[in-house]
1. From the set of residues in region 28-60 that are within 16 Å of the ligand (Cβ to nearest atom) and out of contact with any strand residue (DSSP E or B) (no Cβ under 6 Å at 6 or more places or on another chain), which is least open to solvent (accessible area, probe 1.4 Å)?
2. So which residues in region 102-131 are open to solvent by 50 Å² or more (accessible area, probe 1.4 Å) and touching a strand residue (DSSP E or B) at 6+ places or on another chain (Cβ under 8 Å), if there are any at all?
3. Looking only at region 132-153, which residues are open to solvent by 60 Å² or more (accessible area, probe 1.4 Å) and either assigned to a helix (DSSP H, G or I) or away from the ligand (no atom under 16 Å from the Cβ) (or both)?
4. If I ask for residues that are in a loop (DSSP other than H, G, I, E, B) and within 25 Å of ARG349 (Cα to Cα), which ones from region 38-75 would you list?
5. Considering only residues that are in a loop (DSSP other than H, G, I, E, B) and crowded, with 17+ Cβ neighbours inside 10 Å, which ones fall in region 278-307?
6. If a residue has to be on the phi > 0 side of the Ramachandran plot, open to solvent by 10 Å² or more (accessible area, probe 1.4 Å) and outside any helix (DSSP H, G or I) to count, how many in region 349-369 make the cut?
7. With respect to the numbered conditions (1) open to solvent by 20 Å² or more (accessible area, probe 1.4 Å); (2) within 13 Å of the ligand (Cβ to nearest atom); (3) free of Cβ contacts under 8 Å to residues at least 40 places away in the same chain, which one is the sole condition not fulfilled by SER63?
Amino acid sequence: MGKLGVAVIGLNGAVATTAAAGIAAIRAGSNDLAGLPLADRQGTGLHDYRDIEFAGWDLNGRSMAEAAQAHEVVPAATLSAVREELAGIRPWPAIGSTDFCANIDGDNKMNGGCGHRAAVQQIKDDLDRLRETRGVDDLVVINLASTERLPNANGLLERLDAFEEGLDANAPEISPAMLYAYAAIDHRVPYANFTPSVAADAKALVEFAEKRGVPIAGKDGKTGQTMMKTVIAPALRDRALHVDGWFSTNILGNSDGLALDDPKSLASKVNTKKRVLDQILGYPVEDHIVMIHYYRPRGDAKEAWDNIDVSGFLGQKMQIKVNFLCQDSILAAPLVIEIARVLDLAAKRGDGGVQEQMSLFFKLPQTRGGRQPEHEFSCQVRMLDAWLEQGTPN
Ligand SMILES: NC(=O)c1ccc[n+]([C@@H]2O[C@H](COP(=O)([O-])OP(=O)(O)OC[C@H]3O[C@@H](n4cnc5c(N)ncnc54)[C@H](O)[C@@H]3O)[C@@H](O)[C@H]2O)c1
């Protein structure tokens, strides 16, 4: 099937370097496909893991090997086996904005002063170069950059013509995440958003993706606490146990945690984490509290606690405690790899616009036509299974 190029926004982050190291290890001969949820789907038209090539943009210009070493997620033996491959990949200059992401900056930026249109052109040129220099046949773009603050509510994001006027005028409401998404769609490259930032989910860009027939999916990867929530909540509903309150808290000390230490970026994340419960249960849980704390000693070893207050027969009250000691990027990286493969298959099948069958990967799945998203994990798994069973395109 040739090579699948994955152009990542945030290439030197913990998730991206973990995903790239995992693929390089498979290419180097490892048979360990643990944690990759679609590893057993042969004959569905998905690219082989060995065919995936990573490249992309980051504000930090060091090599992927140096970045992976600094994140301390990839086991030392694996990193040593793939170091040479990762050492040869350096991110392209990125578009950054401390207005949209207060705690994260870097030197590896596109030429200062270049406007929105020039940045979009630069992104498209980078994608063309990836095709030419690395012999890539298929291409997808995935956003793995630090979480941006929510944009100011503005009509500019509602319609494509208004958005394009905003591009011409270098409107400050247009964030880096939106520029990358616009460029990908404009270049007919499938796009997925693994972050909570507003990007291809802005109405203007959904309209653009539909018009261009480009597959898009998002948003915010569903990896740890929210994944557990969408497994447990349906069981409580089906046993008629009423959820009186759900208190969720997290500690993490990686650079994602640093980005979320800015209250505006945090608000963006909590917005996607809080949305799942009411839709699954069918009633509003007034005391649904979600907290995230940056706590450096934990690095990538995020810990999530959930206290669920429920009441049952005769009004008796009970509690459930869930304590998930995660490895944040170890959970996320395989999902990113599968998102790339499924998104590419959607493009091959000619499925443009929002890819609802990819809902299981996301905390806040994008839907078509303003439909309520399906949050229940088992239903989401069936949606993707049914879609994959449609078979390989001719
Ligand atoms: N389990 C998980 O790890 C998980 C789950 C869901 C969502 N996410 C989201 O995925 C994203 C990546 O997570 P991570 O742990 O790898 O974070 P990270 O902080 O390690 O990596 C983010 C990278 O993005 C780069 N960056 C920031 N702004 C950029 C821009 N405008 N253009 C290009 N590069 C930019 C940073 O320099 C950094 O290298 C975050 O937004 C996070 O919230 C992660």
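1. Ranking the qualifying residues of region 28-60, first place goes to LEU36.
2. LYS109, ARG131
3. Within region 132-153, GLU132, THR133, ARG134, ASP137, ASN152, ALA153 meet the criteria.
4. Kept after step one, since they are in a loop (DSSP other than H, G, I, E, B), are these residues of region 38-75: 38-48, 58-63, 72-75.
Hits for region 38-75 are LEU38, ALA39, ASP40, ARG41, GLN42, GLY43, THR44, GLY45, LEU46, HIS47, ASP48.
5. VAL285, GLY299, ASP300, ALA301, LYS302
6. 1
7. All conditions pass for SER63, except number (1).
Matching residues to (1) at pLDDT below 95; (2) away from the ligand (no atom under 16 Å from the Cβ); (3) closer than 12 Å to ARG117 by Cα:
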| site | (1), (2), (3) |
| --- | --- |
| ASP161 | no, yes, no |
| GLY166 | no, yes, yes |
| PRO172 | yes, no, no |
| ALA181 | no, no, no |
| ARG188 | no, yes, no |
| TYR191 | no, no, no |
| ALA199 | no, no, no |
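The values are calculated or read from the model by the stated rules, or taken from the named source; none is laboratory data. Nothing here was measured: the structure is a model prediction, and the numbers come from that model. Counting neighbours? That spans all protein chains shown, and the Cβs are built from the backbone with ideal geometry, glycine included. Accessible surface is based on the protein model in full, side chains and every heavy atom, while ligands, DNA and RNA are left aside. Shrake-Rupley method; radii C 1.70, N 1.55, O 1.52, S 1.80 Å.
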